[in-house]
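Here is the structure we will look at.
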Amino acid sequence: MAKRARQISIDKELLHLTPEERHRQWAARVEAVIFASSEPVTRKALERVVGQDCDIEAIIGEIQEALVGRPYELVAVAGGWQHRTRPEFGDVIHASGTANAPPADLTDHQALVLMTIGYFQPVTRAEISKIFGREVSRDTIATLRQLGFLASGPRSPTPGAPYTYITTPAFLAAFGFDTLRDLPDTEMLEDAGLLTRKLPVDDFVEPELEDDED
Amino acid sequence: MAGGALYPLDQIVRAEFDWVGAWRQRLALKCAAAAVRLTGRSEDEASLRDAWLLRKPGDDPGPAGQILAAWKRLASRSAALDVDVLQTIAGMLGIKWDEPLATLVQSFDDLGLTGSAAPFAAAAIMRETVAIRPDAEVLGWWLADLLLAQKLRWSVPVPLLMGQRFSSVFRAEGGRGRIRPGDDGFERAICLALVHAATEAGRLATEIARRADRLAAVTPKLRSKGADDGLRLLLCEDAVSGSLQTPNLSRFASRRLFERLQQLDAVRELSGRPTFRIYGL
């Protein structure tokens, strides 16, 4: 996409227009770009279509104001902006059957695994299994990976050197978080002692290993 | 008083010893551990080191590892700041980016040019950051260390202040609670913190210098072909993975190299594990 943007040159500054017209044109461009994109649009991308002294924040503000009372809105997610229908229309859209498959049709179990990784990352599959009290299958992790919500982090220094899993920016975008600190109820969970890394002691005794890396 | 404490540090930075990289990176690790704690995560120095060294090059080390990456970057690049750098760092520290934060670059440059003493400028940028975004305290500490280096004309910053965030100097007098960036006496606390940090950094420098001397003394005894790569990394990084691979050094060769160095008492094994060993000065 960036390549194409470099090839097509457009008049960004619009010096031949009056300031009001210019502002209107810039605002229209910003809205068009965000509308056309299926992913959150970053500030950098917007700067490619508007002039130097364009106040993008103000334009975003105007668009948001204009959308008050509409069934969709402009929201800031994952470091960019995106058009979204308001959450209360979710059921209606699903009922109509017209919308594409949602980005993730997660089962409860998959969603739970994903949230666990969100809070505990980087975490290995074995550790997640310990938290759940039963084995979390490779398939669950693979599905979440395929959906682009998970990526591999550093390897864990435990026997077998398993990969740990971490969440991706796509995870933040899909669930409407801006940063990992926005995960719900972090403080409450902390106070309840659920986020300490002290996992329950298990009775699995680690076999004596030779002096051997991986 | 802070000036007096900074003098020996200044000497170390300006002398540009060959081990200064290891020293900076170890201070960065200490600061990152404090930063991680401030953001409410539970990783300690050892697990940060693991996350950093056990990932594949280019892989994301996870949120805590990203915080370490921010401090490592502080301790390895020059003390200049622009909006892109600030945005990258905010991303690494897990702070949501918005426009008001960009004004910090201007304040940073202004403070760099005014005549105020380094610790006061550092305190001012902290105040500014927290005033703009109360949840961006970590970023404030990062900027404070950067500004300190710029004020003292160090080519590369030394991570100092963040490591003192949880020390007693920020304890409010008489009562409970901490001195926050907005409170009276914050400047005083920053000065004290700087004295503590400088003393600790000086002590660490003495220790690392001694170990680096030891390493230099045993170097002639090494016969491994690619030993230079390993030695250079030991001097410019906080720690090196025991299975380091470079073009001249296979992971078996590096394992033998580090074992030999450990026998000669020139490096320490830092993780305390029999496997996935991590070596450092």
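The values are calculated or read from the model by the stated rules, or taken from the named source; none is laboratory data. All figures in this text were calculated on a predicted structure; none of them were measured in a lab. All Cβ positions, glycine included, derive from the backbone under ideal geometry; neighbour counts span all protein chains shown.
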The condition of being surrounded by fewer than 16 Cβ atoms within 10 Å (Cβ to Cβ), under 27 Å from the mean Cα position of the chain (by Cα), within 22 Å of B:Ala102 (Cα to Cα) and not aromatic (Phe, Trp, Tyr) holds, among A:Ala36, A:Ala32, A:Ala58, only for A:Ala58
*Verdict on A:Gly79 being surrounded by 12 or more Cβ atoms within 10 Å (Cβ to Cβ) and either in contact with an Asp or Glu (Cβ under 6 Å, 6 or more places away or on another chain) or touching a residue at least 40 places away in the same chain (Cβ under 8 Å) (or both)*: yes
Going through region B:133-143 in order, the residues found to be under 24 Å from B:Gly115 (Cβ atoms) and more than 13 Å from the chain's Cα centre (by Cα) are B:Gly140
Over region B:74-88, the set of residues surrounded by fewer than 24 Cβ atoms within 10 Å (Cβ to Cβ), in contact with a helix residue (DSSP H, G or I) (Cβ under 7 Å, 6 or more places away or on another chain) and in a helix (DSSP H, G or I) is B:Val83, B:Leu86
The number of residues in region B:48-66 that are at the interface with another protein chain (Cβ under 9 Å from one of its Cβ atoms) and among the basic types (Lys, Arg) is 2
Take the conditions farther than 26 Å from B:Val158 by Cβ, of a type in the set (A, V, I, L, M) and either within 14 Å of chain A (Cβ to nearest Cβ) or in contact (Cβ under 8 Å) with a residue 12 or more places away in the chain (or both) and apply them to B:Ala227. Does it pass? yes
### Message
Yes or no: region B:25-40 includes at least one residue that is within 13 Å of chain A (Cβ to nearest Cβ), touching a residue at least 40 places away in the same chain (Cβ under 8 Å), over 27 Å from A:Leu172 (Cβ atoms) and part of a helix (DSSP H, G or I).
### Response
no
Of the residues in region A:51-66, those that are at pLDDT 80 or above and more than 13 Å from chain B (Cβ to nearest Cβ) come to A:Glu62, A:Ile63, A:Gln64, A:Glu65, A:Ala66
Among (1) in contact with a helix residue (DSSP H, G or I) (Cβ under 6 Å, 6 or more places away or on another chain); (2) surrounded by 21 or more Cβ atoms within 10 Å (Cβ to Cβ); (3) not assigned by TED's automatic domain parsing to the domain that holds B:Arg127, B:Asn248 falls short only on (2)
Reported set for region B:87-118 where residues are away from chain A (no Cβ under 13 Å) and either touching a strand residue (DSSP E or B) at 6+ places or on another chain (Cβ under 6 Å) or under 22 Å from A:Pro169 (Cβ atoms) (or both) is B:Ile89
Quick check on A:Pro184: is it at pLDDT below 90 and either under 13 Å from the mean Cα position of the chain (by Cα) or at the interface with another protein chain (Cβ under 10 Å from one of its Cβ atoms) (or both)? no
**OP:** For B:Ala69, state whether it is in a loop (DSSP other than H, G, I, E, B), more than 11 Å from chain A (Cβ to nearest Cβ) and on the phi < 0 side of the Ramachandran plot.
**Re:** no
